[in-house]
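First up is the structure itself, then whatever we jot down about it.
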Amino acid sequence: MRLCLRALGAPLRGFVLHSGKRVASCFSTAGFDLPDWFKNPEDGGSCAGLGGDGDDDFVLPAKSGTLEERRETATGSGTKPLSILARCPASHQEAEFEADLDEVSRILSSRFASPEAIVIAMDCCHVRVSGRLVDKILHRFNSDWVAAFGFFMWAGTQDGYRHCANSYDSMVDIVGKFKQFDLMCGLISQMHEVGGLVSLVTMTKVMRRLCGANRWSDAIDAFHKMDQFGVAKDTKAMNVLLDTLCKERSVKRAMGAFQQLMGTIPPDESSFNTLVHGWCNARMMKEARKTMKQMEEHGFSPSVVTYTSLIEAYCMEKDFQTVDNILGEMRRRGCPPNIITYTIVMHALGKAGRTQEALDTFEKVKQDACTPDASFYNSLIYILGRAGRFLDANFVVAEMHRTGISPNVTTFNTLISAACDHSQAENALKLLVQMEEKSCKPDIKTYTPLLKLCCKRQWVRTLLFLICHMFRKDITPDFSTYTLLVSWLCRNGKLVQSCLFLEEMVSKGFAPKQETFDLVLDKLENRNMHSAMRKIQLLRVQVAGNRRKSNETRW
DNA sequence: TGAAGTTTAA
């Protein structure tokens with residue numbers, strides 16, 4: 001089956017998306033360059049050239065698919081999810097669900113100034129609200145808190161429906177991600193009043209989001225207030241707090257909290273391992289060793305997890321001599337390295353350019369009768385791919401199949417990224433098709449290297465195709481992907497598109513870096529695009545305002 | 001997403 005972009009004319013031009021609407025329609029109207037391999041098939045292989053009688057032809061390769069599937073894909077309506085292989089709803093009920101999902105997405109895609117405006121707009125919408133629909137919409141709009149929260153409020157008022165704890169948790173996470181801490185607070189109170197829906201899962205999200213916004217002491221406060229919402233302040237909860245503080249660059253605060261709490265909450269092995277890992281990540285090895293000692297004083301001997309954290313830190317320092325010493329110590333103390341330890345060591349050697357030593361690790365794994373898992377294989381594929389050894393990488397994929405370990409999304413992402421790095425665009429796109437065939441769901445990391453390659457080569461049509469493909473799969477760009485698109489397009493002279501992505505980025509609640517604004521404004525000035533400049537300057541002021549507002553909010 | 005490991009990267 002081959003999928004021709006022109007056959008998708010309707011979805012391209014109408015481009016019904018919950019996101020990127022204006023960006024996409026802009027791409028589809030101007031006259032852009034075709035991918036090089038389309039113009040010069042010998043450059044990029046045979047995947048793209050079909051007919052070639054018009055600018056819109058761009059073909060993705062695919063191997064299978066019935067005639068029916070072809071027809072359905074080619075004529076697929078703009079509201080159906082774009083899929084290289086067509087999908088049909090399994091039942092009538094399923095079709096209704098899909099239609100409801102599309103209807104809500106369509107409404108939420110328009111830009112609304114506030115969640116309240118969405119509640120009003122939703123009132124004419126006759127869909128059957130269910131927990132599944134709410135979860136799906138929250139997932140789809142998890143990068144657009146206004147849309148997600150507006151819909152959530154509306155759904156909560158519908159007859160015969162009540163939000164479950166799980167939906168509340170997702171909503172808490174989304175508003176937290178965009179630093180809407182007042183709303184987050186309100187949701188927690190509501191969850192409690194409605195019937196004790198607050199759990200450790202909820203409070204974990206609260207603490208992680210607060211720490212993510214550098215509000216470490218607010219996170220500690222949230223921990224102390226947990227029992228007011230009926231969540232026990234036990235060892236498990238304390239470990240979440242410690243881990244959160246450590247992961248969010250505040251191991252010192254974690255240690256402080258631990259020293260305060262350990263009198264009332266008994267620590268376990270995880271508590272110590274979390275802290276050791278925190279110190280190791282901060283490269284404070286003396287402290288890490290001290291915590292290990294403290295661990296032993298409490299009757300816990302260092303485990304493979306503890307040692308592996310140490311090893312990882314020395315790997316980051318490229319101190320492979322110390323790594324070897326620790327491996328020896330582990331064996332002596334009857335705590336042999338496991339597949340995770342080996343993955344770390346192998347990966348670090350590979351990254352340090354010591355490819356052969358890295359590959360020798362595979363032998364050691366076999367000698368130790370350690371069983372490789374998907375992550376280990378993925379790391380091996382990464383090292384081989386980086387070295388351009390694609391045949392060997394494919395051999396590893398075959399080995400995975402042979403040992404009953406299915407290649408996962410990371411396997412594909414690694415292969416795609418390596419192919420892009422070596423300018424093998426055709427292979428990279430083939431892998432994307434293979435993922436679809438194997439029902440392996442792509443994520444944002446699948447697309448980033450492909451998008452980057454398109455930006456670099458100025459393949460704007462292919463870029464559009466990929467963005468379209470991405471949105472249809474409910475994958476929205478993250479902060480870095482937006483930054484990438486804005487800056488690459490800007491550097492490559494596609495200023496209009498760059499500005500549109502910048503606007504969309506802000507409307508999604510992201511705060512672009514000053515450098516990103518500077519870059520765009522600089523290019524606009526060079527081109528004397530004054531009205532666009534004013535618009536972007538206004539946007540910058542808006543972002544600064546949002547930032548101030550979110551810093552003022554108190555938990 | 002979370003007590004340790006794998007994919008983007010200026």
Could you please find all residues in the range A:227-250 being closer than 21 Å to A:Met171 by Cα, crowded, with 23+ Cβ neighbours inside 10 Å and not hydroxyl-bearing (Ser, Thr, Tyr)?
A:Leu241
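So how many residues does the range A:225-260 have that are among the basic types (Lys, Arg) and either away from DNA strand B (no atom under 11 Å from the Cβ) or touching a His at 6+ places or on another chain (Cβ under 8 Å) (or both)? Even if it seems obvious, please write down each step before you answer.
From the range A:225-260, those among the basic types (Lys, Arg) are A:225, A:233, A:236, A:247, A:249, A:252-253; that's our starting set.
When the remaining residues are screened for being either away from DNA strand B (no atom under 11 Å from the Cβ) or touching a His at 6+ places or on another chain (Cβ under 8 Å) (or both), the result is A:225, A:233, A:252-253.
Residues flagged as among the basic types (Lys, Arg) and either away from DNA strand B (no atom under 11 Å from the Cβ) or touching a His at 6+ places or on another chain (Cβ under 8 Å) (or both) within the range A:225-260 amount to 4.
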Scan of the range A:214-224 for residues that are at negative phi and away from DNA strand B (no atom under 12 Å from the Cβ), ordered by number
A:Arg215, A:Trp216, A:Ser217, A:Asp218, A:Ile220, A:Asp221, A:Ala222, A:Phe223, A:His224
Restricting attention to the range A:284-296, does a residue exist that is over 30 Å from A:Arg386 (Cα atoms), in a loop (DSSP other than H, G, I, E, B), free of Cβ contacts under 8 Å to residues at least 24 places away in the same chain and more than 8 Å from DNA strand B (Cβ to nearest atom)?
no
The condition of being among the hydrophobic types (A, V, I, L, M, F, W, C), in a helix (DSSP H, G or I) and under 26 Å from A:Lys456 (Cβ atoms) holds, among A:Val543, A:Val486, only for A:Val486
Let me spell it out: the conditions are (1) touching a Cys at 6+ places or on another chain (Cβ under 8 Å); (2) closer than 30 Å to A:Val323 by Cα, and A:Met292 meets all of them except one. Which number is the exception?
(1)
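The rows are residues; the columns are (1) under 26 Å from A:Pro449 (Cα atoms); (2) under 19 Å from the mean Cα position of the chain (by Cα).
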| position | (1), (2) |
| --- | --- |
| A:Thr476 | yes, yes |
| A:Tyr482 | yes, yes |
| A:Cys490 | yes, no |
| A:Thr516 | yes, no |
| A:Leu524 | no, no |
| A:Met529 | no, no |
| A:Lys535 | no, no |
Every residue from the range A:171-200 that is among the small types (Gly, Ala, Ser) and not in a helix (DSSP H, G or I):
A:Gly196, A:Ser199
More than 9 Å from DNA strand B (Cβ to nearest atom) and surrounded by 15 or more Cβ atoms within 10 Å (Cβ to Cβ), is that true of A:Met316?
no
Enumeration of residues in the range A:267-283 that are over 24 Å from A:Arg331 (Cβ atoms) and more than 9 Å from DNA strand B (Cβ to nearest atom):
A:Pro267, A:Leu275, A:Gly278, A:Ala282, A:Arg283
Where a residue in the range A:239-257 is hydroxyl-bearing (Ser, Thr, Tyr) and its partner, wherever it lies, is within 8 Å of DNA strand B (Cβ to nearest atom), with Cβ under 7 Å and at least six apart
A:Thr244/A:Arg208
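One residue is enough: does the range A:439-454 have a residue meeting the conditions outside any helix (DSSP H, G or I), near DNA strand B (Cβ under 10 Å from one of its atoms) and modelled with pLDDT of 85 or more?
Within the range A:439-454, the first condition is being outside any helix (DSSP H, G or I), and the residues that meet it are A:439-443.
Pick out the ones that are also near DNA strand B (Cβ under 10 Å from one of its atoms) and you get A:442-443.
Add one more test, that the residue is modelled with pLDDT of 85 or more, and what stays is A:442-443.
Yes: the range A:439-454 contains one or more residues that are outside any helix (DSSP H, G or I), near DNA strand B (Cβ under 10 Å from one of its atoms) and modelled with pLDDT of 85 or more.
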Boolean, A:Pro407 is near DNA strand B (Cβ under 9 Å from one of its atoms) and of a type outside the set (Phe, Trp, Tyr):
no
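The values are calculated or read from the model by the stated rules, or taken from the named source; none is laboratory data. Note that the coordinates shown come from a computational prediction; the quantities given were computed from them, not determined experimentally. Reconstructed Cβ throughout: ideal geometry from the backbone, glycine too, with neighbour counts over all protein chains shown.
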